[in-house]
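Input: a single structure, listed below in structure tokens.
What follows is calculated from the coordinates using simple rules that are stated; it is not laboratory data. Computed from a predicted structure; not experimentally measured. We place every Cβ from the backbone using ideal geometry, glycine too, and count neighbours over all the protein chains shown.
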Amino acid sequence: MKIFCLYFLMLCVQISFAQKTFTFPKIKTQGTSIEQVTPVNWTAINQAHGDLDNDGSDDLAVIFEYNKTINETRAYGDNNSSIIKETQKPRILAIFFKDQSTGALTLSIQNNDFILRSEEGGKLGDPLQQIAVKDQQLYLRFQGGSEWRWELGYTFKFKNGDWFLTSAINLYFNQNTGDMTERVYDFRTRELFTTVGNLHRRDIANRKTSEVLYFSQLRTFRTFKKPWAWEIMPNIYL
């Protein structure tokens, strides 16, 4: 009887651990180096430096990755619902402003959703291609697919205390034939520029159009959950 009770207790403990949900850590709001603000069991896998708030100092944008794989539910095609379960390592985007006089880093925003994970690029592998700072804006670039490939680029700018999506690019093409569709979004002017044609014959075979973008307000990291989760036009996802 004692052996049965011990076995039952161990089983309950195992079930309890198995049911324990993963929670993202809170990034430290202050620090002087990446090492100081990196959470325990996380690794800084990419970073970019540059002035993001027009004060002349080199601010910091960094991507952290968890050291272990977990079952994570992610949104696709719906900005509000998490509908696909993936086994992968979670990632965090953190942006810090740097004090020009003291060198101290102050957290501006932590985002746990927007950065694509290493398993979300299809046969091409890790989709994360670039994080960069240019012209006081943050650039994020992803790519993936197999025969049909996609490239996504997003530009965010800090203004009035928040991070606004100012432009984006979505390229979808066949690596063998060169057939492609490219959409360039300018959210500040509310314009969409579309090119349909062939990557190898851009000047001859391509057809270019422009149209007005209709949306209520600029998206931010808080209102644009992640790539592929904004149906910006019918059956067109960004």
So what is the 222 nm mean residue ellipticity for the chain from helices alone, if each DSSP H run of at least 4 adds -39500 (n - 2.57) and you divide by all residues, rounding to the nearest 500 deg cm²/dmol? -3000 deg cm²/dmol
Peptides 23-30, 150-157 ordered by average Cβ neighbours within 10 Å, highest first: 150-157, 23-30
Going by average Cβ neighbours within 10 Å, how do the peptides 180-188, 89-97, 68-76 rank, with the highest at the top? 89-97, 180-188, 68-76
Spin-label model distance (nm) - Asn176 vs Val212, 7 Å beyond Cα toward Cβ: 4.3
Write down the Kirkwood hydrodynamic radius of segment 124-238, to one decimal in angstroms, obtained as one divided by the mean of 1/r over all alpha carbon pairs. 15.1
Based on alpha-carbon centroids, what's the gap between segment 21-64 and segment 162-233 in Å, whole number please? 29
Remind me, relative contact order of the chain in percent, using alpha carbon pairs under 8 angstrom and six or more residues apart? 13
Taking only the alpha carbons of segment 177-235, the radius of gyration and the largest Cα-Cα distance, Dmax, both in angstrom, are 13.9, 41
About the Cα centre of segment 83-164, how large is the charge dipole given +1 on each Lys and Arg Cβ and -1 on each Asp and Glu Cβ? Please answer in debye to the nearest 20. 80
Size of electric dipole in segment 199-238: Cβ of Lys, Arg +1 and of Asp, Glu -1, about Cα centre, debye, nearest 20: 160
So for segment 40-174, what are the equivalent ellipsoid semi-axes in whole Å, largest first, each being the square root of 5 times an eigenvalue of the Cα gyration tensor? 27, 18, 14
Separation between the Asn67 and Thr102 pseudo-spin-labels, each 7 Å from Cα along Cα→Cβ, expressed in nm? 3.0
Averaging over all projection directions, find the projected area of the Cα convex hull of the chain and quote it in nm² with one decimal place. 17.4
Quick one: net charge of Phe96's neighbours, Cβ under 11 Å, K/R +1, D/E -1? -2
